[in-house]
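Participant: Can you keep this structure in mind? I'll have questions shortly.
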Amino acid sequence: MMKKIGVFLMLFILVAIILLPGCDDENTLYVYNWGDYMDKSVIKQFEEEYGVKVKYQTYTTNEDMYVKINSGSAKYDIIFPSEYMLHRMAQEGLLQSINLNNIPNFALIDDIFKNAEYDPGNVYSVPYLWGTVGILYNKSMVNETVDSWDILWDKKYEKKILMVDSQRDSIGVALKRLGYSMNSTLEKEIDEAKESLIEQKPLVLAYVVDEARDKMINNEAALAVVWSGEAILAMAENDDLAYAYPKEGSNIWYDCVAIPATSTKKDLAEKFINFLCRTDIAYLNAEYTGYSSPQMEVVEQLDEELRNNPTAYPSNEIISNCEVFKYIGDFVEYYNKAWIEITAN
Amino acid sequence: MRRWLSYPYLVWMIMFITVPLLLIVFYAFTKQTDGGIVFSLDHFRQILDPLYLKVFLRSFKIAFISMLICLLIGYPVALFLSSKDFSQKSTYLMLIVIPMWMNFLLRTYAWLTLLENNGIFNKLLEFLGFGKVQFLYSEGAVILGTVYNFLPFMILPIYSVMVKIDESVISAAQDLGANSFQVLLKVMIPLSLPGVISGITMVFMPAVSTFVISRLLGGGQFALIGNIIEQQFLLTGNWGFGSALSFVLMVLVIISMFFMNANERNGKESML
């Protein structure tokens, strides 16, 4: 009997050793970013210049990333949360502070993007890219001016509408259409938004995130709610496409670079952040993703067409009509519930 | 037999089947409170919401329809493949298995392009003078994807039981004056029933819990129970509710399997 237990234990230990993750390599930086949100050559360049390895993985929404970091199941050294998620993660102690003295290139970022409400003093974050949410539409299928979210509820476009498979964005659109704030914390308003999204559901072709761009390029849909960078890349491929800011106002967002609390490679992570802020690197990323750069010098170097494109660099009038998502605390549970009801219905 | 040869699998089973199952039960029946973790049925109470009932019903409906189509297509195929007069057996078997060599996700993505409004099928319909059909992002597309992905799991178990049926039993039936329809009904079907049962199990169980097919081909509009469970773990981080949903799904699957096995036993008895 003792012998059997011995064999059993030995096997158990053996399997455990094989399956336990290998030792944390000091020279490997684990980067967790949005899908298609960085020029791949940037990573190669960083690896070469600093003689390190970068492991790069991607996520689809802020919520996906949050759950993964919060569960502690994976160790990352660099993440790219949007402002409201950054605020939440900082409050919950999931981030470590960044020593700005180690990031001299921080000076290159425009002052208007610094010291923002979501992270006063840039304790936890450095701005990466920013953009807006709007309606990408196909001019050959939509013969009217697109200037309101109402068009997404128009029966004319049944099965020709793409919505975002992301709760804050889709519920936010419905809230704005009803004239409420995208940061509403009133159950009555969320319920109304929820009802209107359920009512809209028969008209929706699909709820997607990364597929929206391809679908619009291939003329598969007439209207799509997209982030501005997606719109720019899509419009470059298909001349029939155009981007509109609804008059009810929209969302403007800022994605930041941050270091999760679980990271043990703060030095290397800070080097990477500093590298991302370097003008030539920031230029590569702004050009590749189509999103807007927080660095004036980068913007000036961009192609004239892109620089003057209101989709990427909207007028102050449009910006002032846009709202930034705020972290809404425990009320997020109510959003979760509403979103599940919308998708399950 | 050296019993220790089975220890590696035993360890595997404990680590990756027993422990996770216990974890699911643990998460499903507990709740985090300020005073620590306490026993609670809150998650199950939440499932009673008609909304989730609707999703469960939809999942079982889609899985059942897909399973039925797989059976209707797969049974005759298995029958032909197992017949001794059929000479190109290995070629056809190969053709059934080959798609399984390719990644499941890739095969589903392929349907995404085939079914698009400007995809091959609609181009063909247009060419033939018919109007375009909205194939993609419908319940039909989800069923099609499920049938396509799981059909081999229906054919192969039925086939493997059928090839083992003693030829002399069929000859005896024919000698005693049974026509081919009677042979099928009274000999082949009852004898192949164990294969049918395992085929049904192997199609129904993954179909009822799939979330990739409904996401890709349903466009996020036909949320199945798998999607809701995925949302709980990846989006809202509500592991307790996700575990409770998984637990209920498992119980429902076990119940349906129990009924199926009971039928199998009845079938055997009627044979005798």
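Participant: Go through A:Lys139/A:Lys188; A:Lys75/A:Lys271; A:Lys40/A:Lys68 and tell me which ones have a Cα-Cα distance over 27 Å in this structure. Please list the in-between numbers first.
Facilitator: Working: A:Lys139/A:Lys188 36 Å; A:Lys75/A:Lys271 18 Å; A:Lys40/A:Lys68 23 Å.
Result: A:Lys139/A:Lys188 exceed 27 Å.
Participant: To the nearest 100 Å², how much accessible surface do chains B and A cover up together, summed over both, with a 1.4 Å probe?
Facilitator: Working: alone 16660 and 16440 Å², together 30080 Å².
Counting protein atoms only, the buried area is about 3000 Å².
Participant: Let me ask another. Using r as the Cβ-Cβ distance of B:Asn179 and B:Val97, and R0 as 45 Å, what FRET efficiency do you calculate, to the nearest 0.05?
Facilitator: Numbers: r = 33 Å, r/R0 = 0.74.
The computed FRET efficiency comes out at 0.85.
Participant: Against the longest principal axis of chain A, how steep is helix A:279-289, in degrees 0 to 90 to the nearest 10, with axes from Cα atoms?
Facilitator: Once rounded, one gets 60 degrees.
Participant: Related question: Semi-axes of the stretch A:205-344's equivalent ellipsoid from the Cα gyration tensor, sqrt of 5 times each eigenvalue, largest first, rounded to whole Å?
Facilitator: 27, 25, 16
Participant: Turning to a different aspect of this structure: Give the relative contact order (percent, whole number) for chain A; include only Cα pairs under 8 Å separated by 6+ residues. Write out the running numbers ahead of the final one.
Facilitator: On the way: 561 pairs, mean separation 91.6, N = 345.
Taking the mean separation of contacting Cα pairs over the length of chain A, I get 27 percent.
Participant: Over all Cα pairs of chain A, how is the pair count split among 20 Å bins, expressed in % and running from 0 up to the last occupied bin?
Facilitator: 29, 54, 15, 3, 0
Participant: Using the membrane-span-like helix rule (whole DSSP H runs, Cα extent along the own axis of at least 27 Å, mean Kyte-Doolittle hydropathy at least 1.0), which helices of chain B qualify?
Facilitator: Details: long enough: B:50-82 (46 Å, 1.67); B:139-162 (33 Å, 1.40); B:189-209 (30 Å, 1.59); B:239-271 (47 Å, 0.73).
The answer, listed by residue number, is B:50-82, B:139-162, B:189-209.
Participant: Residue separation times 0.36 nm, minus the C-alpha to C-alpha distance between A:Lys53 and A:Ser315: what's the value?
Facilitator: 90.3 nm
Participant: Please report the accessible area of A:Tyr254 (heavy atoms, 1.4 Å probe, ligands and nucleic acids excluded) in Å², nearest 10.
Facilitator: For A:Tyr254, the solvent-accessible surface is approximately 50 Å².
Participant: Share of antiparallel DSSP beta bridges in the protein assembly as shown, in percent to the nearest 5?
Facilitator: On the way: 24 of 40 bridges.
Taking every DSSP beta bridge with both residues in the protein assembly as shown, the antiparallel ones total about 60 percent.
Participant: Ignoring everything but the protein chains, give the 1.4 Å probe accessible area of A:Lys55 in square angstrom, nearest 10.
Facilitator: For A:Lys55, the solvent-accessible surface is approximately 110 Å².
Participant: Per residue of B:220-227, what is the mean number of Cβ atoms on other protein chains within 10 angstrom of that residue's Cβ?
Facilitator: The shielding value for this peptide is 4.
Participant: Restricting to chain A, what percent of DSSP beta bridges are antiparallel, rounded to 5?
Facilitator: Details: 20 of 36 bridges.
The antiparallel fraction comes to roughly 55 percent.
Participant: I've got another one for you. At what distance in nm do the modelled label points of A:Thr279 and B:Leu10 sit from each other, each positioned 7 Å from its Cα along Cα→Cβ?
Facilitator: Distance between label points: 6.9 nm.
Participant: Something else now. Which lysines have a Cα less than 24 Å from the Cα of B:Lys89, not counting those fewer than 8 places away in the same chain?
Facilitator: B:Lys164
Participant: Next question, about the same structure. What whole number of Å gives the distance from the Cα centroid of the stretch A:124-184 to the Cα centroid of the stretch B:164-203?
Facilitator: The stretch B:164-203 and the stretch A:124-184 have Cα centres separated by 59 Å.
Participant: Kirkwood hydrodynamic radius for the stretch B:1-138: how many Å is it when counted over pairs of different Cα atoms?
Facilitator: Details: mean 1/r = 0.0467 Å⁻¹.
It works out to 21.4 Å.
Participant: How far apart, in nm, are two points set 7 Å out from the Cα along the Cα-to-Cβ line at A:Leu178 and at B:Tyr109?
Facilitator: With each label point 7 Å from Cα toward Cβ, the separation is 3.8 nm.
Participant: Please work out the average accessible area per residue across the stretch A:207-345, using the 1.4 Å probe convention, and give it in Å².
Facilitator: Working: 5230 Å² over 139 residues.
Ligands and nucleic acids excluded, the result is 38 Å² per residue.
Participant: Another one. Using only the alpha-carbon atoms, how far is helix A:187-200 inclined from the longest principal axis of chain A? Give it as 0 to 90 degrees, nearest 10.
Facilitator: 70 degrees
Participant: Say we join alpha carbon atoms closer than 10 Å with springs in a Gaussian network model of chain A; which of A:Asn308, A:Asn143, A:Asn70 then has the biggest fluctuation?
Facilitator: Taking springs between Cα atoms under 10 Å, the residue moving most is A:Asn143.
Participant: Now a separate question. Per residue and in Å³, how big is the convex hull formed by the alpha-carbon atoms of the protein assembly as shown? Could you put the intermediate results ahead of the total?
Facilitator: Values: hull volume 137.6 nm³, N = 617.
About 223 Å³ per residue, rounded to a whole number.
Participant: For B:Phe259 and B:Glu139, calculate 0.36 nm times their separation in residues minus their Cα-Cα distance, and state this gained length in nm to one decimal.
Facilitator: Additional length available on full extension: 40.5 nm.
Participant: Ignoring ligands, DNA and RNA, please state the percent of accessible area on the stretch B:42-271 from carbon and sulfur, probe 1.4 Å. It would help to have the intermediate numbers written out before the result.
Facilitator: On the way: 8340 of 11680 Å².
Solvent-exposed carbon and sulfur of the stretch B:42-271 make up 71 percent of the total.
Participant: Could you tell me the extents of the stretch A:97-215's C-alpha atoms along the three principal axes, largest first, rounded to whole Å?
Facilitator: Principal-axis extents of the Cα atoms in the stretch A:97-215, largest first: 56, 37, 24 Å.
Participant: Under a plain spin-label model, where a point goes 7 Å from the Cα along Cα-to-Cβ, how far apart in nm are A:Asn143 and B:Arg3?
Facilitator: 8.2 nm
Participant: If you average the alpha carbon positions of the stretch B:212-227 and of the stretch A:214-262, how far apart do those two centres end up, in angstrom?
Facilitator: 23 Å
Participant: For B:133-140, what's the mean count of beta carbons from other chains sitting within 10 Å of each residue's beta carbon? Before the final figure, lay out each step's value.
Facilitator: Working: counts 0, 4, 0, 5, 8, 1, 0, 0.
Partner Cβ neighbours, averaged per residue: 2.
Participant: Sticking with this one: Counting partner chain Cβ atoms within 10 Å of every residue's Cβ in B:233-241, what's the average?
Facilitator: On the way: counts 2, 10, 14, 11, 8, 5, 2, 0, 1.
Going residue by residue through B:233-241 and averaging, the value is 6.
Participant: Return, for the Cα atoms of the stretch B:42-271, the radius of gyration and Dmax in Å, separated by a comma.
Facilitator: 20.8, 66
Participant: Would you mind calculating the relative contact order of the stretch B:42-271 from Cα pairs under 8 angstrom and at least 6 residues apart, reporting the percent as a whole number?
Facilitator: Working: 233 pairs, mean separation 62.4, N = 230.
Value for the stretch B:42-271: 27 percent.
The values are calculated or read from the model by the stated rules, or taken from the named source; none is laboratory data. All values reported here derive from a predicted model rather than from experimental measurement. Please note: Cβ atoms are built from the backbone with ideal geometry, for glycine as well, and neighbour counts cover all protein chains shown. Heads up: the accessible areas ignore ligands, DNA and RNA and are worked out on the full protein's heavy atoms, side chains in. Shrake-Rupley method; radii C 1.70, N 1.55, O 1.52, S 1.80 Å.
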